[in-house]
Amino acid sequence: MDKLCRIAVDAAINAGASYADARFVSRREESVETKNGSVDGVTSSTDRGIGVRVIAGGAWGFAATSELTESALADAARKAVEIGKAGAPTLEEPVTLSCLDPVTDHVPHTAKQDPFEVPLAKRVELLLDCDRRMAEAADVVLRQGLLLISRQEQLFVSSEGSEIYQERIETGTGIEATAADGSETQRRSYPASHGGQMACRGWELVEELDLPGHAADVAREANALLSAPHFPAGCFDIILDGPQLALQVHESCGHPIELDRVLGTEAGFAGTSFLTVDKLNSGYRYGSEIVNITADATLDGGLGSFAYDDEGVPGQRTMIVDKGIFSGYLTSRETAPIIGQASQGAMRADGWARIPLIRMTNINLLPGDWTLEEIIADTDYGFLLCTNTSWSIDDRRLNFQFGTEVAFEIVKGELGQMYRNPTYNGITPEFWASCDAISGKAPGEWRIWGVPNCGKGEPMQTARVGHGVAPARFRSVQCGAMTQQGGGDQ
Amino acid sequence: MMRREQVQDIAEQVLAASAADQTEVLIFAGDEALTRFANNTIHQNVAETDAGVRVRAVVGKRVGVASGNDTSPDSLKDLAARALEVARNSEPNEEFVSLPAPSADQRESVVQPVQATVDCDPAQRAEAVRTMLDIARANGLQAAGRFATAHTAVCVANSLGIRSYFERSGAGATVLMQAADSSGFAQAESEDVTQINAREIAEVAARKALESAGPRDLEPGAYTVILEPLAVCDMLYMLGIYDLHSLAHQEQRSFTSGHMGEQVCGENISIWDDGWDPRGNRMPFDYEGVTRQRVDIITNGILTALPYDSFTAAREEGAANTGHALPAPNSWGPVPSHLFMNTGEHSLQDMIAATERGVLVTRFHYTNMVHPVRTVLTGMTRDGTFLIENGQIVGGLKNMRFTQSILEALSNVDMIGRDGVLDGHAWAPALRVNGFNFSSATQF
């Protein structure tokens with residue numbers, strides 16, 4: 001493939017490009033889905049192709065093909081140049097890139113146990129075992145399990161002399177149970193909703209999660225939620241568990257720090273950001289003094305970890321929020337010079353057929369000096385909200401609203417009864433300013449949660465990103481929009 | 001893009017190579033191109049050519065799926081063998097009965113790609129974008145959006161005799177116009193790129209941006225709201241995904257469970273799905289190759305029918321396959337992807353003139369279902385939210401979050417637009433809704 005990539009790069013330069021890169025991507029995935037004691041779906045997919053990105057006439061052009069022949073690659077390169085030149089007349093300034101030393105590297109995957117070596121029959125049986133345990137534990141109408149494994153190989157070749165081969169293995173799994181009584185439907189999931197946990201790891205992740213050991217509780221809690229009281233409306237102190245806090249970080253911090261979004265290039269689709277460039281280095285307060293957030297592609301096993309991004313820039317660790325003060329963005333070679341920096345290494349594409357965009361790496365709320373147990377004990381009245389069900393945020397990432405599967409009432413420092421249909425909402429900097437306790441002191445509390453379906457761009461691209469978090473408390477948060485919508489009447 | 005004969009030959013090669021009891025081949029092939037602009041300049045310009053092959057192998061009640069995009073003869077044989085291997089190593093799905101067989105009402109596709117769309121090149125896309133950018137600059141605005149074209153083919157063949165193939169073209173443009181503290185949006189979709197009027201949508205978006213300048217605050221609460229067609233399409237699409245299909249019904253995760261034949265919203269509302277209606281993104285058959293039937297889902301407010309695929313039809317006594325399958329495996333269900341809502345007799349201006357105090361919403365942003373069984377949806381307004389007083393638009397509003405039951409909203413409609421627009425999977429008119437719940441506000 002290195003030869004085909006070089007042919008594409010050379011053809012682009014010969015056609016008049018001032019810069020060119022070619023990315024070969026080959027992805028193999030296998031998934032198992034079970035539902036109510038049966039195998040609902042088993043798939044084995046492969047996908048490969050090459051995308052050619054050029055700067056021609058000062059403008060970007062991109063063409064991709066799955067036909068891996070010398071002539072098809074040369075055609076794709078010339079097409080990319082034609083496309084770039086067609087858009088050039090609208091430019092006010094030609095595209096310029098921050099400097100980058102060429103790199104030659106070979107980066108193997110880091111999985112300890114290759115999940116593709118685990119027989120399919122064993123993967124199926126794991127989920128069916130969970131299904132049986134859920135069925136025995138409680139009356140639920142729907143029992144589901146999902147296990148996904150993925151291997152990606154990528155070769156990046158640029159006209160600046162870089163040639164980087166990277167391989168990654170990803171594994172994800174989860175179970176959920178849904179209970180219904182004719183007037184209400186409730187769901188519980190483990191270890192997280194929307195497919196569970198996913199990481200840049202191997203079969204060792206599946207073993208650590210111990211799905212069978214949690215299956216019965218998942219079913220019992222789903223069933224118990226049917227008769228739980230409705231979550232009340234009002235302002236409450238809330239503690240968010242890891243999976244929910246991961247999504248809160250994703251939506252209210254991860255997206256607004258994407259510099260392409262900040263600069264307006266996503267305005268027509270996903271929106272812009274309240275974290276405008278004038279706020280950088282101005283002392284802008286994003287959150288309380290205990291809020292420290294990093295963008296870190298170097299963490300072991302994170303779903304947003306990598307050695308090099310899709311421009312050949314090394315993965316890095318950057319402070320995004322330092323003691324509550326906004327301090328950094330996710331950037332690319334094109335956008336970083338606008339704020340006087342070199343690329344922070346966050347350009348990634350969804351496979352071979354898409355152009356790289358600025359994507360989250362692992363966006364992490366650093367651990368605090370509490371344990372979750374201590375935070376609960378310190379809370380006079382409030383709720384522990386667990387496991388996301390719904391999410392929404394405005395197009396500048398200020399007004400958000402989330403729903404979770406369950407809320408546990410806290411009275412005088414002790415966890416109490418379950419409530420159903422909880423929601424909370426707020427305005428991003430006000431919400432993070434109300435954060436007064438972050439756990440992570442106890443072993444295992446701080447964990448990187450994978451988000452495998454982060455959508456962005458046109459054509460739509462899906463990225464796999466991560467969020468390291470430990471449960472945290474937020475004071476006096478508006479709750480219960482669902483209740484106000486008649487959720488308490490039925 | 002591959003020719004029809006090439007695509008169909010791939011399908012036959014896979015079927016010939018398969019040793020499974022039953023085999024299905026689904027092929028997507030296409031050319032797609034997109035020019036994206038922002039800050040009054042083109043910043044992304046891409047094209048893609050691909051062909052994907054998806055094979056479903058059935059061994060008894062064991063089902064396996066393999067997919068790939070290498071269409072060489074050896075790879076196709078390997079794909080058929082891989083699907084069979086996956087099926088054999090799986091466990092039976094006791095509720096699986098069979099792949100669909102050809103039916104008497106199998107209809108040949110009437111959809112043909114429009115040559116002008118197929119031939120559209122980067123220079124033509126750039127020209128359309130320049131038209132929109134000129135309008136932005138003339139009004140002191142910043143434009144962002146996209147102009148895209150596609151030529152795609154879908155082919156389904158199975159070992160029971162299904163042979164379905166169609167090609168279509170598609171073109172679409174969106175434009176967001178941004179002013180200092182306001183914005184406006186418009187879009188257009190058509191199979192024929194010459195029907196995309198870049199000037200017209202740019203002028204609509206610019207007018208909205210200028211007229212909503214200096215937006216004021218509005219207290220959250222229940223308001224009379226005029227939802228323009230894009231907002232109604234969004235609501236309709238979410239209702240379709242979560243509630244209006246047979247699997248959600250069977251699994252009791254939809255409001256429809258236990259309520260077939262009942263009045264579920266206002267008598268003035270009818271919703272149906274029709275893959276043959278030229279106002280939508282036509283697709284004459286589903287991803288199992290079965291001819292799509294029109295399904296009248298809600299008729300005069302009464303829940304009357306739901307879309308089915310071969311799996312959900314076989315597990316429910318008396319149910320018939322309506323041709324709404326998604327690509328296998330599909331754990332979500334046969335969602336309606338060509339939704340329509342009835343029109344009424346009012347213009348948007350009629351609705352505004354008849355409103356003493358209310359809110360005009362151009363479109364929603366980031367909608368998400370909070371509670372599918374109660375059809376409670378949340379989301380934000382975006383790109384043109386206006387206050388109406390005494391029958392007139394009096395200015396722009398800062399954006400609002402709604403948390404609202406869709407069925408409740410559809411029970412409180414008292415005026416319906418006389419025409420509609422297409423937004424992806426749904427076609428709908430404007431609606432005036434009383435008592436629409438805005439649960440919070442944002443800062444712009």
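Counting heavy atoms of the protein chains only and a 1.4 Å probe, report the per residue accessible area for region A:1-119 as a whole number of Å².
Per residue, region A:1-119 has 41 Å² of solvent-accessible surface.
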Cα-Cα pairs above 41 Å in chain A: how many percent?
23
Taking only Cα atoms of chain B, radius of gyration then Dmax in Å
23.5, 72
For region A:128-166, residues shielded by at least 30 square angstrom of accessible area compared with the chain on its own, probe 1.4 Å
A:VAL141, A:LEU142
With each run of n ≥ 4 DSSP H residues scored as -39500 (n - 2.57), what mean residue ellipticity at 222 nm is computed for chain A after dividing by its residue count and rounding to the nearest 500 deg cm²/dmol?
-6000 deg cm²/dmol
From the backbone phi of region A:336-347, what are the Karplus-calculated ³J(HN,Hα) couplings (6.51 cos²θ - 1.76 cosθ + 1.60, θ = phi - 60°) in whole Hz, Gly and Pro given as x?
4, x, 5, 9, x, 10, 8, 4, 8, x, 10, 8
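How large is the Kirkwood hydrodynamic radius of region A:376-456, in angstrom, based on all distinct alpha carbon pairs? Before the final figure, lay out each step's value.
Numbers: mean 1/r = 0.0679 Å⁻¹.
Result for region A:376-456, one decimal place: 14.7 Å.
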What span do the alpha-carbon atoms of region A:254-347 cover on each of the three principal axes, reported in whole Å from largest to smallest?
33, 32, 25
Which angle between 0 and 90 degrees, to the nearest 10, do you get for helix A:120-137 versus the longest principal axis of chain A when only C-alpha atoms count?
20
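Treat every Asp and Glu Cβ in chain A as -1 and every Lys and Arg Cβ as +1, leave all other atoms uncharged, and give the resulting dipole magnitude about the Cα centre to the nearest 20 debye. Don't jump to the answer; show the numbers that get you there.
Numbers: 42 positive and 68 negative charges, 119 e Å.
So the magnitude is around 580 debye.
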Leading residue at positive end of dipole, region A:180-326 (Cβ point charges), from A:TRP203, A:ILE239, A:PRO191
A:ILE239
Using a 1.4 Å probe and counting only protein heavy atoms, how much accessible surface gets buried when B and A come together, both sides summed, in Å² to the nearest 100?
6500
Accessible area in square angstrom per residue, region A:129-182, 1.4 angstrom probe:
31
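Given the DSSP H assignment, sum -39500 (n - 2.57) over each helix run of at least 4 residues in chain B and divide by its residue total; what's the result at 222 nm in deg cm²/dmol, nearest 500? It would help to have the intermediate numbers written out before the result.
On the way: 10 runs with 102 residues, N = 444.
Helices in chain B give a 222 nm mean residue ellipticity of -7000 deg cm²/dmol.
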Which value does Rg/Rh take for region A:340-490 over its C-alpha atoms, Rh per Kirkwood?
1.02
Calc'd 3J(HN,Hα), region B:219-232, phi into Karplus 6.51 cos²θ - 1.76 cosθ + 1.60 (θ = phi - 60°), Hz, glycine/Pro = x, comes to 5, x, x, 8, 9, 6, 10, 9, 9, 5, x, 4, 5, 5
First obtain the Kirkwood hydrodynamic radius of region B:241-346 from its Cα pairs, then insert it into the Stokes-Einstein equation at 25 °C and 0.890 mPa s, and state the resulting D in µm² per second as a whole number.
176
Buried by at least 50 Å² relative to the chain on its own: which residues of region A:74-105 qualify, computing accessible area with a 1.4 Å probe on protein heavy atoms?
A:ILE83, A:ALA86, A:THR90
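Which semi-axis lengths, in whole Å and largest first, follow from the square roots of five times the eigenvalues of the Cα gyration tensor of region B:375-417?
Working: eigenvalues 92, 53, 11 Å².
Computed over region B:375-417, the values are 21, 16, 7 Å.
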Translational diffusion coefficient, Stokes-Einstein: compute it for region B:115-259 using the Kirkwood radius over C-alpha pairs as Rh, at 20 °C and 1.002 mPa s, and state it as an integer in µm² s⁻¹.
114
Which residues of region A:38-59 end up with at least 40 Å² less accessible area in the presence of all protein chains than when their chain stands alone, using a 1.4 Å probe?
A:SER38, A:VAL39, A:ASP40, A:VAL42, A:THR43, A:SER44, A:THR46, A:ARG48
In Å², nearest 10: area of B:PHE436 left accessible to a 1.4 Å probe
0
Too long for a 22 Å Cα-Cα cut-off, among A:LYS35/B:LYS61; A:LYS323/A:LYS456; A:LYS3/A:LYS79, are A:LYS323/A:LYS456
Nearest 10, in degrees from 0 to 90: the angle of helix B:73-88 to the longest Cα principal axis of chain B is 90
Viscosity 1.567 mPa s, temperature 4 °C: what is the translational diffusion coefficient of region B:45-180 from Stokes-Einstein with a Kirkwood Rh over Cα pairs, rounded to a whole number of µm²/s?
68
So how tilted is helix B:198-211 from the main axis of chain B? Cα-based, degrees 0 to 90, rounded to 10.
40
Over the protein assembly as shown, what percent of the accessible surface lies on carbon and sulfur atoms, probe 1.4 Å?
48
Report Rg/Rh for region B:398-443, rounded to two decimals, where Rg is the Cα radius of gyration and Rh the Kirkwood radius.
1.03
Please calculate how many Å² of accessible area region B:233-310 carries per residue, with a 1.4 Å probe and no DNA, RNA or ligand atoms counted.
30
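Residues with beta-carbon under 11 Å from that of B:HIS151, excluding B:HIS151: net charge, scoring Lys, Arg +1 and Asp, Glu -1?
On the way: positive: B:ARG168; negative: B:ASP31, B:GLU32, B:ASP119, B:GLU167, B:GLU191.
Result for the neighbourhood of B:HIS151: -4.
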Principal axis dimensions, region A:309-362 - Cα atoms, whole angstrom, descending
39, 23, 15
Three principal axis extents, largest first, for the C-alpha atoms of the protein assembly as shown, in Å?
70, 65, 63
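The values are calculated or read from the model by the stated rules, or taken from the named source; none is laboratory data. Being a predicted model, the structure only gives us computed values, none of them experimental. Every residue, glycine as well, gets a Cβ built from its backbone with ideal geometry; the counts of neighbours run over all protein chains shown. Protein only, heavy atoms only, side chains kept; ligands, DNA and RNA dropped before computing areas. Shrake-Rupley method; radii C 1.70, N 1.55, O 1.52, S 1.80 Å.
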